[in-house]
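The values are calculated or read from the model by the stated rules, or taken from the named source; none is laboratory data. Everything quoted here is computed from the prediction, not taken from an experiment. For neighbour counting, all protein chains shown are included, and Cβ atoms are generated from backbone atoms with ideal geometry for every residue, glycine included.
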């Protein structure tokens, strides 16, 4: 598993550069061991038993997932011709014409053995319908076929690792983009909050000023009411006095 560092403070451009650097690092990390695999792959001479048939052949040890190797080997055998199951993980293809090995028909025998250390793939071949071994040059071609299969299996494993590395990097990029989006959203909310706060403070100041004016107007109005009431009382008193004088006139 590959992890990218925290990048909350990175700009989009710097993160893209970082992504490229990490991809290059991952590809280099994966590919460097692969350069030595071709040298480490050893196809050795071995004796094998496939069903009732015992014969000399070649074996290669692959430090890969057993199911992957079994699937790949089954597909490879089908490319050579029709093979039938002889025993558990043992196959035989009789009377096959494989021009890359020989112009004559050949009987192929193959078996896969899974051990804690690796997956062993055995292949042997005889002249069709006999127990006669192949010529040395033909046997070397069989050995080469087994070697090429092993190289292809490691290559496919590398492709899978690269694909997984890219998937992890893409997940990190998506997570980073999500954090950037969330960060921008929070910044926008904070900006709107500051604007609302500023607007509310301005309204509070305006309300305070308006309240002072209302209090002043209320005080002035109370004074005006007292003055008006006093004036009414004066006029009422004068009117009463006039009535009294009017009643005294005979």
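Quick notes on this one:
- Here residue 56 meets the list (1) outside any strand (DSSP E or B); (2) in contact (Cβ under 8 Å) with a residue 60 or more places away in the chain; (3) farther than 30 Å from residue 159 by Cα almost entirely, failing just condition (1).
- All conditions but one from (1) crowded, with 19+ Cβ neighbours inside 10 Å; (2) under 21 Å from residue 155 (Cα atoms) apply to residue 75; the one that does not is (1).
- Test: residue in the stretch 116-136 that is buried (at least 19 other Cβ atoms within 10 Å of the Cβ) and free of Cβ contacts under 8 Å to residues at least 24 places away in the same chain: no
- Residue count for the stretch 177-211 satisfying the condition of being out of contact with any helix residue (DSSP H, G or I) (no Cβ under 9 Å at 6 or more places or on another chain) and touching a residue at least 60 places away in the same chain (Cβ under 8 Å): 2.
- If you check 158, 214, 225 for being surrounded by 10 or more Cβ atoms within 10 Å (Cβ to Cβ), closer than 30 Å to residue 121 by Cβ and either modelled with pLDDT under 85 or touching a helix residue (DSSP H, G or I) at 6+ places or on another chain (Cβ under 8 Å) (or both), only one passes: 158.
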